[in-house]
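Structure, as structure tokens:
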Amino acid sequence: MRDAGETGPIPLHIRGVFGASLVLSAVQRTEATLAEGVSYRVWDAGKRRVILPAGYNSLDIARHSVGSSGSSGIGPWKVTRLTDEDVQLAVGRMAGRGPWVLRLADGSAKTLRVVWNQGKSPGCLTLFRAGSGIGEELSEPERTQETVRVTGPGYLLLDADRWTVDIA
């Protein structure tokens with residue numbers, strides 16, 4: 001998944017499987033070891049964007065049945081590596097569902113006002129920079145609304161059932 005000499009975070013687009021869930025885990029593989037990092041879950045045929053953090057070179061993907069049928073779903077899953085042009089620039093008012101990735105432009109300072117799950121439960125905001133490994137956690141665990149200041153370049157991972165963000 002990672003090209004030779006490449007070290008920064010990699011944005012990925014995941015398409016799930018109808019009737020199944022996927023668990024994706026960032027891993028660092030060498031000839032002798034396997035180290036597992038951050039994990040993501042994609043339910044049903046949902047589409048999500050996630051980050052392969054710096055310091056990890058591949059994904060392990062496990063496909064699980066949903067419900068009592070025992071079926072592991074219909075159809076294939078798909079992982080696509082995104083370019084910077086494929087990732088939305090963090091500007092204005094934005095909203096989404098599930099894990100999603102936004103791009104911070106080079107050197108730009110931004111103030112983000114985030115509302116998680118319509119103000120009913122907390123979400124997670126993580127900033128990934130070139131050498132940030134698993135990323136810098138910016139959100140507070142119990143907050144349903146928060147304001148944070150960030151400086152680019154990098155990628156923001158917003159993770160909640162629903163989220164809205166105003167970027168100034």
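Somewhere in segment 47-68, is a residue farther than 19 Å from L156 by Cβ, acidic (D, E) and at pLDDT 85 or above? Walk me through it before giving the result.
Residues of segment 47-68 farther than 19 Å from L156 by Cβ: 57-68.
After this cut, where a residue has to be acidic (D, E) as well, the list is 60.
Still in the running and at pLDDT 85 or above: 60.
Within segment 47-68, one or more residues are farther than 19 Å from L156 by Cβ, acidic (D, E) and at pLDDT 85 or above.
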State yes or no: is L156 in contact with a Leu (Cβ under 6 Å, 6 or more places away or on another chain) and modelled with pLDDT of 90 or more? yes
Quick one: which strands (runs of 3 or more DSSP E) lie wholly within segment 78-168 and hold at least 1 residues that are of a type in the set (G, A, S), in contact with a strand residue (DSSP E or B) (Cβ under 8 Å, 6 or more places away or on another chain) and within 20 Å of A26 (Cβ to Cβ)? 154-159
Taking segment 28-58 on its own, how many of its residues are part of a strand (DSSP E or B) and surrounded by fewer than 19 Cβ atoms within 10 Å (Cβ to Cβ)? 12
Anything in segment 1-26 that is more than 15 Å from the chain's Cα centre (by Cα), surrounded by 13 or more Cβ atoms within 10 Å (Cβ to Cβ) and part of a strand (DSSP E or B)? List them, or say none. A20, S21
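The values are calculated or read from the model by the stated rules, or taken from the named source; none is laboratory data. Values in this document were obtained by computation on a predicted structure and should not be read as measured data. Quick reminder, even Gly has a Cβ in these numbers, built from the backbone with ideal geometry, and neighbours come from all protein chains shown.
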